[in-house]
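Beneath this line is the structure, given in structure tokens, with notes to follow.
Every read-out reported here was derived from the displayed coordinates using simple, explicitly stated rules and does not represent laboratory data. Worth saying up front: this structure is predicted, and the values here are computed from it rather than measured. Positions of Cβ are backbone-derived with ideal geometry, glycine not excepted, and every protein chain shown enters the neighbour counts.
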Amino acid sequence: MTKWEYKVQNHYTDVVNTPSTIEYSMNRMGKDGWELVSVNQLTPSSERIRGGPPERQIRYTFLYKRPKTD
């Protein structure tokens with residue numbers, strides 16, 4: 001039975017995190033053996049409730065997994 005390890009990355013849409021910088025990060029994760037499992041978008045209103053970044057930014061949460069090595 002395969003055992004997995006997981007990693008969560010958050011990306012915010014703004015001037016710094018353009019699609020190309022997020023793609024670069026995803027490619028680096030892939031080179032390290034991580035497989036993207038899901039992406040969730042948190043709306044600005046849900047971020048405000050949690051005291052998050054300004055309204056103009058949207059947070060994307062990326063969930064990765066890879067086989068665990070013992």
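Here the 3J(HN,Hα) profile of the stretch 61-67, calculated from phi with Karplus coefficients 6.51, -1.76 and 1.60 at θ = phi - 60°, is 9, 9, 10, 10, 9, 7, x Hz, Gly and Pro shown as x. Per-residue Karplus couplings for the stretch 28-33, computed as 6.51 cos²θ - 1.76 cosθ + 1.60 with θ equal to phi - 60°, are listed in order as 5, 4, x, 5, 8, x Hz, Gly and Pro entered as x. Taking K and R as +1 and D and E as -1, what net charge do the other residues with C-beta under 12 Å from the C-beta of S25 add up to? Result for the neighbourhood of S25: +1.
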